[in-house]
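Engineer: What follows is a structure written as structure tokens; I'll ask about it next.
The numbers here are math on the coordinates, done by the rules we state, and not lab data. Predicted model only: the values in this text are computed from it and were never measured. Every residue, glycine among them, receives a Cβ derived from its backbone with ideal geometry; neighbour counts consider all protein chains shown.
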Amino acid sequence: MQDKSTYRIDQSYDWNYENGPVFEQEIPERPPVKRKFDFLGFKLNSRLGVPAGPLLNANFTTLYAKLGFDIVIYKTVRSIERKVHPAPNCVYVDTHGQLKAEDAGSDIRASEHLPERVVDITITNSFGMPCKAPVDWMADVEKANKALGDGQLLVVSVVGTPGLEMDFVEDFARVAGMAKEAGAKVIEANFSCPNVCTGEGSIYKDAETAAKITKRIKETIGNTPLMIKIGHFEDKRELEAVMKATMPYVQCYAGINTIAMNVYDKEGKAAALPGVGRLTSGLCGAGIENVAHDFTATMAQVKQTLGGDFAICSVGGITQPEQFDERFVAGADVAMSATGAMWDPLLAYKYHLLHAND
């Protein structure tokens, strides 16, 4: 299979930011929208979206919106500029089938070869949540918002940065306020990113800290809906504790982000990704589909247990149009594809064709 990803993994992040997305086809005409779906108070054309990872800027969000993904999440922004990790930032990984939840934290090897089918693609990615200067990303968010059509929604992902003069919790609230000012209709607080070395990527496991941050963000953004992105929990009770602590402030939970593993090169001798602290990185794509599906069902169970009034955004492993419906059956209100949508940009279009006669 020829590599036709919209994000060129053989190029640098900065190259992709300036030149991407790579899409050389005509945008197909979408079947007529026959009904609207409510999500966080917005009437949308569908319940399909793309999470923050592949959507580097307005050029990416605009393309995917035109391709039928009606919820697009702008890649995580900060209150300061932050450089990307050294390239490469994405490599293929051979999972030999579906990963299991207990595989988190174990060892795996990278692969040099692109699988023959999109439904077999698993990658690891490690960017470190880079960010352009606020003046640049705020202007770009405004551009992204204006490019959307009727029945579509732009969400902006935000993260606090440790080590600043400003308190970490306050910085989280500050950048959320900046995103709202730039035009974000919904804010997603990124509490789960295994590809950073400074702690802001594992907040989702700390119920007390997560509650403090969500409370402070909500005080800042007011009526603007708040999502939080969470990762894999080894114990359902931990998920329940985090949801219970943050539920008063959160309108939607998104997960899973990735499955964090120790990714070695093909010989198994060195880290697959260069630089300090990058042995552990997140796996996404086809290999985490089962884990992500099960996690969606678990979130739905916890929601019922807690009597929660929040939405569920299912992310992880969706590479086929039918899998969106499987997530809805599992309890998701909306479902998103990252890796699948990168290598098959027509994924949402294929889904809409399947349901054209509904």
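Engineer: State, to one decimal in nm, how far the label point of K4 lies from the label point of A133, with both points 7 Å from Cα in the Cβ direction.
Structural biologist: 3.9 nm
Engineer: Next question, about the same structure. Taking the Cα-to-Cβ direction at Q25 and at R237 and moving 7 Å from each Cα, how far apart do the two end points lie in nm?
Structural biologist: Those two pseudo-labels are separated by 4.9 nm.
Engineer: Please compute the modelled spin-label separation between N357 and V276, points set 7 Å along Cα→Cβ, answer in nm with one decimal.
Structural biologist: Each label point lies 7 Å from its Cα, and together they span 6.1 nm.
Engineer: Pop the C-beta distance of Q98 and K143 into the FRET formula with R0 = 30 Å and round what comes out to the nearest 0.05. Walk me through the numbers before you get to the answer.
Structural biologist: Numbers: r = 39 Å, r/R0 = 1.30.
After rounding, the FRET efficiency stands at 0.15.
Engineer: Strictly over 31 Å apart at the Cα level, which of K36/K100; K236/K269; K75/K350; K100/K185; K43/K229; K36/K146 would you flag in this model? Provide the component values of the computation, followed by the final result.
Structural biologist: Values: K36/K100 36 Å; K236/K269 35 Å; K75/K350 24 Å; K100/K185 35 Å; K43/K229 22 Å; K36/K146 20 Å.
Cα-Cα > 31 Å for K36/K100; K236/K269; K100/K185; rest within.
Engineer: For an R0 of 51 angstrom, estimate the FRET efficiency from the Cβ-Cβ distance between N223 and K266 and round to the nearest 0.05.
Structural biologist: 0.50
Engineer: Within 10 Å of each candidate Cβ there may be at most 11 other Cβ atoms; applying that plus a DSSP loop requirement, which trypsin sites (Lys or Arg not before Pro) in segment 227-292 survive?
Structural biologist: Numbers: sites: K229, K236, R237, K244, K266, K269, R278; in loops: K266, K269, R278.
Passing sites in segment 227-292 are K269.
Engineer: If N is the number of residues in segment 13-354, what value comes out of its Cα radius of gyration divided by 2.2 N^0.38 Å? Don't skip to the answer; put the middle values down first.
Structural biologist: Working: Rg = 18.4 Å, N = 342, 2.2 N^0.38 = 20.2 Å.
My calculation over the Cα atoms of segment 13-354 gives 0.91.
Engineer: Continuing with this model, one more query. Which percent, to the nearest 5, of DSSP beta bridges fully inside segment 13-354 are antiparallel?
Structural biologist: Of the beta bridges lying entirely in segment 13-354, close to 40 percent run antiparallel.
Engineer: I've got another one for you. Using the count of nearby Cβ atoms within 10 Å as a rough guide to exposure, how do S281, S12, S106 rank from fewest to most? Please list the in-between numbers first.
Structural biologist: Details: S281 28, S12 15, S106 12.
Result, fewest neighbours first: S106, S12, S281.
Engineer: Could you pull out every residue, at least 5 positions away or on a different chain, whose amide H is within less than 5 Å of the one on N125? Hs are placed 1.01 Å off N in the peptide plane, and Pro or chain starts have none.
Structural biologist: Under 5 Å from the amide H of N125: G282, C284.
Engineer: Find which of M243, I288, A270 sits farthest along the positive direction of the dipole of segment 188-319, computed with +1 on the beta-carbon of Lys and Arg, -1 on that of Asp and Glu, about the Cα centre.
Structural biologist: M243
Engineer: Rank by packing, highest mean first: peptides 203-215, 17-29, 329-341, with packing defined as the count of other Cβ atoms within 10 Å averaged across residues.
Structural biologist: Values: 203-215: 20.3, 17-29: 12.9, 329-341: 23.6.
Highest to lowest by the protection proxy: 329-341, 203-215, 17-29.
Engineer: Suppose a student asked you for the relative contact order of the chain, using Cα pairs under 8 Å spaced at least 6 residues apart; what percent would you report? Numbers along the way, then the final one.
Structural biologist: Numbers: 825 pairs, mean separation 72.2, N = 358.
Reported relative contact order: 20 percent.
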